[in-house]
Every structure is written in structure tokens, then in C-alpha cells.
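First up is the structure itself, then whatever we jot down about it.
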């Protein structure tokens, strides 16, 4: 009984105790590190006796990184009891992580089951976000909760999917810095595990941390010449249109390496540092899905995914992030406004093109006017500029806002028959007259109008946050929590717009998905405003690269309105519901009745008298997508 516990590494503990559950693994049963040998050194760096204090893992999908983190948590609970803080991007994801990962880990592993009481027991200390065990506690929280990040001291930190963390949590700073501050009192005994698939170059947290480490790569031997190398996507070669022929070609002998060689290559592989770490206590690992063990993600499927992503920038970005485990370089350079002017098209301003399925609007508030742009949208976020309106008058007075209400009640004729109204409108409430803008928007009380506040942060997972309640001043009376306010990550939507503006048609006759259609009647000045900013890279106080938008011209109202119109489309649910959203709109368009004047008649048939003209009921005089004017049940609210 007086004998000290054995000094196990995390990989040894997992081999001896870990049982994978069928609820969270495609291969349930005892853990076998030999299935993914590259995880051994990563897990061992997380062991209590290893000198590393920060372990960084930048990875692709299907590589086992999440299970390595779960093994570490089990190792702590059983072998090195201490306070642990596990951070997910949001509190909701932390709850899901608890149900799908932590609960099966504790229930299926006998060594852990006896240390954590069942959640059904009274006063068990086992709740969804807190797991007590002898000598320690595991607390789960979200990076969007400042209270959760500073609620307790923690010796161990598990920071999962750090690239999805918000840039600033409730005005208290970077969530990683807040979490790491919890471990300072543990000195050299503390340890943090940062793991994530990367996102965009210049603002990816995991890339930043990896570049500050010793940048280890997993080198494997060629089965033909035994030359050690780390796997690069450029060396995966196949016949175009035939992904089944995919084979990796050795960079030394150029011999073709088949998929079945991978198991032996991974077993004989080793991690090698490729740089000198800025912090000697930080180790970094990078691996792509090319290393995914046989039976998980094949080279054939990777080749197939690459071919399917061609011509689709969003799919290419996803491929590079999740498959290759590399950052995506945004094309933040402003497109030439001359090129956009030349490619304007012959459709009328003020008329909804036949391809558009829904209208949104963005409103920019200036000192002496309000500018509004109406955009039409279709599948793939293809867009048309339908109208550009300038409403004169100070935003402090009611006149421009009454005119805005008129815009929301206006019908835009649709090419092909019928008409449409604006389904959602976002208003930028920033500036010097914020209080007045709040009051007038409260007075309008139109549920289709979304007051917004723009922030410069990047957040692709949640580019529109909220709503939050703000006070509004109406007729001199202050209404507490009188208005819902949405926060828009404008950097995300600007990058999205520029990506679509850079699309080329190639040799095809059809426009690619996401094409931005501009009418010939729009002024050149408006086009210049649309590309009035450019993405530039600078360095922050710590010397890390950061990207920010800088003005090229004084006026950028068109760009701001376009960003807000895209945010309005997000609020309607286009990004959440995807094809179901667009199919519902296509059905509405197909079932829309025509006006009496639009019903075709044969030239050789006598026209009926006016009294005999087929006149539809008043509510169907103009086509409007159902549901935009009021609440409804079902999936589209």
C-alpha cells in the first residue's frame, strides 16, 4: 500500500485501461496506439513527467487528435488527479462534448468508472459541465463564457478547436490567454494541450502557436528506397477523373507507394523537429489526413474530394483546412474596379431578375442621408444588385426612417411575373447618432429590420451574434431593453464578398455559383465603393501576424451595404438550412400566381371583356415568398 503508483505515460495508460465506446468510435474496444502510431509521441508529451508545458497539435480530419485528448483526460483522472479545465468553442459545444465524449469515456473505462460517481447518484459531483473525482475536478466550459474561463485554478488545460474561439470574450480579452492565466500558480507542473484544424492564414490561432513551436513533422520511410520524408499532397498523383488510381510518389526515387504500404510506413515513422522553438517548453506537431490509417480516410477519397472541390472556393478552403490541416490564404486584394465596370450586365435596375429567389437589404447610416442597397439571392449565394437608394435627411429626424418603412412596404417587380418584397434588412447603427437610430428603429417595430453593430473580428462559425438587448429612447422616454441588436463580424463577410468578386467564368457559358451580378445602370462611383478596402497583414504586440481591413478610398458605403445584405441572408437561415432553404423558395416561386395583366393569351382568340378578366384575390396580387411578413411554424421562422 505504501508503494508509489507506476510512472506511466499517457500512451501506456491508454493501452492498459482505455476502452473505446461504440457511441463515439467507429472501432469500439480496447485502445491500440499501433492503429495510429503518430499519436504516441503526442500523448507522451502530455505525460506528467515530460518537460513540455504547452503541446500544440495542428491537424487534419480523421487523424485521432480528439481521442488523444480524451486519453489525456482519462490519464489525469486515474493517474495524476488535479483540477482540469476543458474548453470548447461555445458552452453548447461543451455540453455536447460532455455527452458524446466524456460520459462514454467515464462509463466504458473500468478504471475511471470507479473514480467518478454516476450522475444519477445524489450529491455525486457529476454534472454535465463538472466531474469530480478523488484529488481533482474536471470542468468543461465554452470559450464564449468569460465566467467559465476564470472560474477556477487549473493545473491542466485542454483547449479544443481553438480556431473557432471568439477573438474577444465579453470584452475581457483573448480566451486562450484567459484560460492559461488559470494555470500560472502551478508553475512548472502545469500543462496545456492546444488542438485544432486550422482556418485562415494570418488569423489562425493554431497556426500561430505551431509556428512558435519546434514544428515537428512525422517522417515515414519509402517502402522502395527507405528514404525518410513527410507526406505532401503534391506527391499524391492520380489520373484526372480516376481517383482510384491515386498513389503517393516518393520524393527520392519517385516510386509509386500504394495505400496498403501505409500501415508499415506509419509504424516505422518518427517525429522530427523542423525549427527552433521560441519557447523551449513548447512542442508542436502537424499532421494531415494523408496519414489517416488504412480503413479511415483513403487516398482515393482524398483525391475524389479534391476533384469535387474544383471551381468552388469554399469547398477548396474546407479541403485545405480539414484534409491537409493547412491554413487557407484569403484573397483580400481588392479586385480592379475597372474590371467590375466592364463586366456589368444588361438587366434593369429596380427589377428583380428571374433567377433571384429572395431579397435582402443593407442600410448604411451617414450624417445627412441613409443609403440602402437591395440584393437578390439564389443558390450558391449568387447575387444581383436589384436597386440602390439614397434617402436624404438627418438620421436624427423621423423623415428618412419613414422613407425606410416605405421601402419595406414596397413591391419590386420580378422579371417573369409577380413581385417581391425585402425579406430581411440589416441597419448599421454605429456612428455618432446611435441613440437616435435605436429610437427610430424601435418606433418602426418591423420584425424584418435587424439593427446591427459591426466588429472587425473574424468568425466563420458564427459571423452574426446575438441578439442582445439594448436601451432605446423613443419620444424622450427611455425604454430599457427596448431593442434587439445583432453583432456582425464584418471581416468575415468582406472576405466572402471579395472571394465572389474574384470568381472567373473560364470557358463555360454559365456563371459559377456565387457570381456577383451588377446592372449596367449602376454608377462607376458605386463600383469603386464596393472595392474600397483591402486586406493587409500586420503584426500585433507579440510579433504574430494579424490581418485587418484598410480603406483605399474615403467612401465605402456600397461595401458596407453589401456586407449587411449578406448578413441579412444569414439571419434568414440560408447558411444553416442550405438546400432546404433554397428548395422552399423555389417551390414558392413555382407556385406564385400571375397578375391578370401577365396571363398569356393567344393572338387569334377574342379577348374577354374587362368584367370577364380573371382577377386573382387581393392577397395574391403580388408574389411574395411566404413567411417573410410574419411568424410561422415549422423549420423556417
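The values are calculated or read from the model by the stated rules, or taken from the named source; none is laboratory data. Just so we're clear, the structure is a prediction, and the values are computed from it rather than from any experiment. Cβ sites come from the backbone with ideal geometry, for glycine too, and all protein chains shown count toward neighbours.
Rundown of residues vs (1) under 16 Å from residue 493 (Cβ atoms); (2) in contact with a helix residue (DSSP H, G or I) (Cβ under 8 Å, 6 or more places away or on another chain); (3) outside the structural domain of residue 382 (by TED's automatic domain parsing); (4) modelled with pLDDT of 70 or more, yes/no style:
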position: 533; (1), (2), (3), (4): yes, yes, no, yes
position: 559; (1), (2), (3), (4): yes, yes, no, yes
position: 572; (1), (2), (3), (4): yes, yes, no, yes
position: 578; (1), (2), (3), (4): no, no, no, yes
position: 586; (1), (2), (3), (4): no, no, no, yes
position: 607; (1), (2), (3), (4): no, no, yes, no
position: 611; (1), (2), (3), (4): no, no, yes, no
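Residues that are in a loop (DSSP other than H, G, I, E, B) and over 17 Å from residue 573 (Cα atoms) within the stretch 434-458 comprise 445, 446, 456, 457, 458, listed in sequence order. For the stretch 298-318, the criterion of being part of a loop (DSSP other than H, G, I, E, B) and at pLDDT 90 or above is met by at least one residue. Limited to the stretch 35-50, what total is found for residues that are in a helix (DSSP H, G or I) and out of contact with any helix residue (DSSP H, G or I) (no Cβ under 7 Å at 6 or more places or on another chain)? The number of residues fulfilling the criteria is 3.
If you filter the stretch 181-207 down to residues that are touching a strand residue (DSSP E or B) at 6+ places or on another chain (Cβ under 6 Å) and either outside any loop (DSSP other than H, G, I, E, B) or not assigned by TED's automatic domain parsing to the domain that holds residue 285 (or both), you find that the one that is nearest to residue 51 (Cα to Cα) is 191. Under 21 Å from residue 106 (Cα atoms), modelled with pLDDT under 80, in the same structural domain as residue 108 (by TED's automatic domain parsing) and surrounded by fewer than 17 Cβ atoms within 10 Å (Cβ to Cβ): is that true of residue 32 in this structure? No, not satisfied.
Within the stretch 422-447, being in contact with a helix residue (DSSP H, G or I) (Cβ under 9 Å, 6 or more places away or on another chain) and either crowded, with 19+ Cβ neighbours inside 10 Å or not assigned by TED's automatic domain parsing to the domain that holds residue 470 (or both) holds for 422, 423, 424, 425, 426, 427, 428, 429, 437, 440, 441.
Here residue 484 meets each of (1) free of Cβ contacts under 8 Å to residues at least 40 places away in the same chain; (2) surrounded by 15 or more Cβ atoms within 10 Å (Cβ to Cβ); (3) at positive phi with one exception, condition (3). Is it the case that residue 431 is in a loop (DSSP other than H, G, I, E, B), at pLDDT below 90, under 30 Å from residue 396 (Cα atoms) and touching a strand residue (DSSP E or B) at 6+ places or on another chain (Cβ under 8 Å)? So residue 431 passes the test.
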